[in-house]
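The values are calculated or read from the model by the stated rules, or taken from the named source; none is laboratory data. Not measured: the values here are computed from a predicted model. Cβ: placed from backbone, ideal geometry, glycine included. Neighbour counts: every protein chain shown. We work out accessible area using only protein heavy atoms, side chains counted, and drop any ligands, DNA or RNA first. Shrake-Rupley method; radii C 1.70, N 1.55, O 1.52, S 1.80 Å.
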Amino acid sequence: MFELKKNLEPQNNKLTSFFPINTKDRKDIFDWDSVLGHFVKYCYRKQVSTDEFDKFQEACKSAFEAKLDVPEFWPVIERMYFENDELYKISPELLLFKAQKVQGNSANERLGDFFLNLLQNFYIEEKVDTKLNFIEEEIVQSFNNFVIQGNPAGTVTAKTNEEPYLPFISKKFEKDLRFLNSKPKYFLSSITDFLKLYAFLYTAQLSINISEWSSGEPSSKRCYFIMDNEKASDERTWVKDFGYTQLERNFEKIFPFLAMSESLQESGTIKVPLWKLNELLKGTDSTELLHEYALKFKDNRKLKTNILEPDNTENALSNLLTLSLDQFAKGESRYEINTLYCKAIETELCGHFIQNRRRAGRVLVFNQDYILLLTNIAIAEREQLRLHELLKEFEARGVYFDKQSQKQLVDFYERIGNVERKSDSGDAVYVRKTV
């Protein structure tokens, strides 16, 4: 049976689970190369020792000098692979060295841990054969001597410390990553955009679902985008009402709701999401305990919020979430903290998908690179999909297009030649992947 944290007393707001933004984060906090290194470490469950890159480079030099008839050829190889990012295009595992590029940056580790928790128990076991030339094979052989592998979670890499808040996003993330891994060159060229895409999709769906914590396990909710070359207008009802505006409206609940949920759970335990916490509390006699905590919290934060005495745990939890949100209301001393937190969410995790269209305001957009990536991972192992099947795959990942955008989407596919139109009806349009 689930147990609340013992000795519930109001503390400073603290959030270490379910979201990678910190209240002190402002702008350009993530180094995506370093984040990528952390992610590769978790998804392969492999590690390289700290500061081993110079030794690895020296090992490559020794290996080549021992095998080459002309030892002076090493400086050429060095320029080709070690003086730019070509080294990281050989094999995904070599990206492990990128985790060491920026030491002591907790923001990158937080985002890396965020992806670890999105992966849950999934990791890539299959070794995909990559066509390498002689030089690249030699580099990979030298690299393998520096790799430490531990298949069980928690051995050479960390293990997840929370249950998934959005299980449907976690499942798609795993499925799409498995497909990307089957295309090593495509993996290397698109993995950073893939991570940025999923960081945004998670943020968008979390912000929409967080208010519905009492409705059980979250599902994909309507979130409308347009193509970045499309015009936006107030007449696009779906885009206006279920696009950027609904995200912005809900950003302010992310930190207060998640911090309150975390304050109710013992540190050091596997954290459960707010919606599951509500379900678990229903099997307990915690109503009075939660109400006492709410009264202490209200007094500690000096809030004037009126709360009714709850008759069940769900109402008691609702009171606590209301108080947690109200402590950041306009006029309260903590107002600026959450305002800056919301700005960090928008700039650091959503910036690539938001555009200001002047009179039409801010809208959610997909540029051509991201729509191709989304199309390829949605079609995955299949050769092609009917348009309406493809749109269903988009929606399962939280991406929705209205009829006008769907037409723009087909025009885009036709321009790049990956569509087959058998009639003018939507059902007869087939879209092929490009990898």
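Is there a pair in 276/296; 253/433; 231/271 whose C-alpha atoms are over 31 Å apart, and which pairs would that be?
Flagged as over cut-off: 253/433; 231/271.
Given a 1.4 Å probe, how much area per residue of the chain is accessible, in Å²?
48 Å²
Once you've got the Cα coordinates, tell me which of 46/171; 24/171; 5/298 are over 27 Å apart.
24/171
Say each of residue 82 and residue 306 gets a label point 7 Å from the Cα, pointing the same way as Cα to Cβ; how far apart are those two points in nm?
About 7.3 nm separates the two model spin labels.
Could you let me know the centre-to-centre spacing of region 358-435 and region 110-148, using Cα atoms, in angstrom?
Using only Cα atoms, the two centres lie 31 Å from each other.
Counting only protein chains, not ligands or nucleic acids, how are 354, 77 ordered by accessible area (probe 1.4 Å), most first?
354, 77
Is the shape of the chain rounded, prolate or oblate, going by the alpha carbon gyration tensor and its root eigenvalues a ≥ b ≥ c, with a/c under 1.5 for rounded and a/b larger than b/c for prolate?
Verdict is oblate for the chain.
Quick one: grab the alpha carbon gyration tensor of region 254-325, order the square roots of its eigenvalues as a ≥ b ≥ c, and give me rounded if a/c is under 1.5, else prolate or oblate depending on whether a/b is larger than b/c.
oblate
Using a 1.4 angstrom probe and counting only protein chains, how large is the accessible area of residue 175 in Å², to 10?
70 Å²
Of 213, 238, which has the most accessible area and how do the rest follow, probe 1.4 Å?
The most accessible residue leads, giving 238, 213.
Where Lys and Arg each count +1 and Asp and Glu each count -1, what net charge lies around residue 12 among other residues with Cβ under 12 Å from its Cβ?
Value of the local net charge: +1.
Which of the lysines could be linked to residue 67 by a straight reach, that is with a Cα gap under 24 Å, when you skip same-chain ones fewer than 8 residues away?
Excluding near neighbours in sequence, the set is 55, 89, 131.
Could you compute the longest span of the chain free of GluC sites (Glu not before Pro) located in DSSP loops and having at most 14 other Cβ atoms within 10 Å, not counting the site residues?
267-380
What is the percent carbon and sulfur in the accessible area of the chain, measuring with a 1.4 Å probe over the protein chains and ignoring ligands?
That share works out to 45 percent.
Which ³J(HN,Hα) values, rounded to whole Hz and listed in residue order, are derived for region 51-65 from phi using the Karplus coefficients 6.51, -1.76 and 1.60 in 6.51 cos²θ - 1.76 cosθ + 1.60 with θ = phi - 60°, glycine and proline given as x?
Listing the rounded values in order: 6, 9, 4, 4, 5, 4, 4, 5, 5, 5, 4, 4, 5, 6, 5 Hz.
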